[in-house]
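Scroll down for the structure; my scribbles are underneath it.
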């Protein structure tokens with residue numbers, strides 16, 4: 001009996017392929033924010049952080065969500081840094097007693 005390789009490949013439309021590429025381009029940000037993710041057929045991105053999951057069908061929506069998460073993260077980091085070092089800001093000049 002002859003052996004043949006059978007390959008099954010997804011046949012997505014151009015729009016779906018572009019959507020999938022846009023989702024995949026966001027992977028570095030997902031890694032940076034330590035989020036788990038998955039790309040499901042045809043073009044749905046699932047993300048989870050701290051046990052909370054969310055689905056996205058539009059890469060733009062995911063990008064806006066990541067922006068909001070990143071701002072929350074940055075605000076929390078700034079708040080923590082200010083609590084640890086009150087008055088120690090490089091933007092404020094030292095008082096005369098500190099010079």
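List of remarks:
- Computed lengthening from residue 49 to residue 13, 0.36 nm per intervening residue step minus Cα-Cα distance: 9.9 nm
- Ascending count of other beta-carbon atoms within 10 Å, so fewest first, for 6, 16: 6, 16
- Among 55, 41, sorting on how many other beta-carbon atoms sit within 10 Å of each Cβ, with the fewest leading, yields 41, 55.
- Fewest neighbouring Cβ atoms within 10 Å first, the residues 12, 4 line up as 4, 12.
- Residues residue 2 and residue 32, FRET efficiency given R0 of 35 Å [Cβ-Cβ distance, rounded to 0.05]: 0.10
- Note on residue 39 and residue 21: the extension gain reaches 5.4 nm, defined as 0.36 nm multiplied by sequence separation minus the Cα-Cα distance.
Since every read-out is calculated from the coordinates, none of them should be taken as a lab result. The structure displayed is predicted, hence computed values, not measured ones. Please note: Cβ atoms are built from the backbone with ideal geometry, for glycine as well, and neighbour counts cover all protein chains shown.
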